[in-house]
Ligand code: NAP
């Protein structure tokens, strides 16, 4: 083994260990930042190891790619708001999966039938998953960015058509294992996989989108792992498998959080307007700022329920100020965190950590729900779907069975939102019509800023 090979192997090994440690760190808010830095360092080592590879043909192309990629990455990191994270992630998956697909296509173009059965299997798997993830992620991006309708697009016989297409694609895959030289089959499989990606995501929409993003993440990772097998790159196999495995676990966790099964997400067309049964009786009651301040100031326990609106208003810091003001008056303050509140997994945890909210005050769904009946005031800050009681009470609702934060069981509920806007899933929320619920209209940050002042004066 020469020095160069030893350097490559050591940097790959170190990178793999750092990826694993990074993932471990990411599993807890206290260590998440450190975990991210470890993974970043691991990626740097993996890139350095790859750059000294003897098979590199032209450094000019690599430098050009590095400059363009780094510029785009930096711009995205700096300017894409956290509320747009799902579509940003979808775009990253699309490019990652396209890269895997292109490597597979070029390997097949160069070596074709000479690849042997094992490599042909890995290559076909890579191209199949990579291609469907590319187009699937682009459709997910378009839906989340509002470039196309975010609701499920369905038609009669859709599942049968999609499954038949998938079956033909899998037949191509199997035939290629036996006849690797049948290039027509390879390119047919490629086209079908691209088409299947579009068709897979079209019928999915509304609150199921986060699960799909996590699933596509998993596919992109597995495609990368298969690329590693084809080109004999160990770090790609390990990183891809970690990515694929963690993405899959995340999909399962999110499905559980929403009480849905993966098959239901993929084939259930959740969020389709035609299936929606909504209850929206009565009137919403507006409540004044001073009344809310008095209720809060004299409460024994207040529970804050942050949602997407808090994120988009960037109101986490002023929310913390309100909590401080209340705690000074002896009020017990807790934060109720729903697993899919906001627009990305852990969204609320990240924002509240940014505002230095003590982690011990963050309560998960099953811990906080039994506490609502003894809570004097539940303050909903720009949340909607995650507090929609229809999920619990209306079996005909499309979100029936999804676990919610049961704020309606608190003695009083105050909802801070700008107007009559619906949540991500487009449903009317009967909570807002309940007699114990008052609406404080306005931008979340502005309302909270005024509330801090009013609580001081109360
Ligand atoms: P939501 O259901 O999307 O509702 C957010 C509410 O915030 C809206 O009703 C809106 O009403 C209000 N709002 C928006 N801007 C505001 C502002 N500046 N100030 C005050 N209020 C504002 O939010 P959620 O309850 O957090 O539920 C999250 C939803 O997103 C779920 O359906 C979830 O499945 C989905 N999702 C989650 C993820 C994830 O990974 N967490 C990813 C993608 C999608 P007004 O317009 O009237 O103000």
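What follows is calculated from the coordinates using simple rules that are stated; it is not laboratory data. Not measured: the values here are computed from a predicted model. All Cβ positions, glycine included, derive from the backbone under ideal geometry; neighbour counts span all protein chains shown.
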key: Fully extended contour minus Cα-Cα distance, from residue 43 to residue 249, at 0.36 nm per residue   = 72.0 nm
task = Rank-order 296-307, 421-432 by packing density, defined as the average count of other C-beta atoms within 10 Å over each peptide's residues, highest first.
result = 296-307, 421-432
task = Within the stretch 229-250, find all residues whose amide N lies under 20 Å from a label point positioned 7 Å from the Cα of residue 27 along Cα-to-beta-carbon.
result = 238-250
In degrees, nearest ten, helix 59-79 long axis to first principal axis of the chain (Cα) = 10
query = Taking Cα atoms, how many degrees apart are the long axis of helix 85-111 and the longest axis of the chain, rounded to 10 and kept between 0 and 90?
reply = 10
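Using only DSSP helix segments of four residues or longer, with each worth -39500 (n - 2.57), what per-residue ellipticity at 222 nm results for the chain after dividing by its residue count and rounding to 500? Write down the numbers at each step before the final one.
Numbers: 17 runs with 274 residues, N = 458.
When only DSSP H runs of four or more count, the value is -20000 deg cm²/dmol.
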message = Quick check: Cα centre of the stretch 379-401 to Cα centre of the stretch 405-458, how many Å?
response = 15
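Could you compute the FRET efficiency for residue 155 and residue 113, with r as their C-beta to C-beta distance and R0 at 51 Å, rounded to 0.05?
So the FRET efficiency works out to roughly 0.80.
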note = the chain: relative contact order from alpha carbon pairs under 8 Å, six or more residues apart, as a whole percent, is 14
Reduced Cα scattering model of the chain, Debye log10 I(q)/I(0), q = 0.08 Å⁻¹ = -0.55
inquiry  = Taking the 0 to 90 degree range and rounding to the nearest ten, how far is the long axis of helix 158-178 tilted relative to the main principal axis of the chain, both from C-alpha atoms?
reply    = 30
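Rounded to the nearest 0.05, what FRET efficiency is calculated for residue 354 and residue 79 with R0 set to 25 Å and r the Cβ-Cβ distance?
With a Förster radius of 25 Å, E is 0.90.
Is the C-alpha gyration tensor of the stretch 341-441 telling us rounded, prolate or oblate? Criteria: a/c under 1.5 is rounded; beyond that, a/b larger than b/c is prolate, otherwise oblate.
In terms of gyration-tensor shape, rounded.
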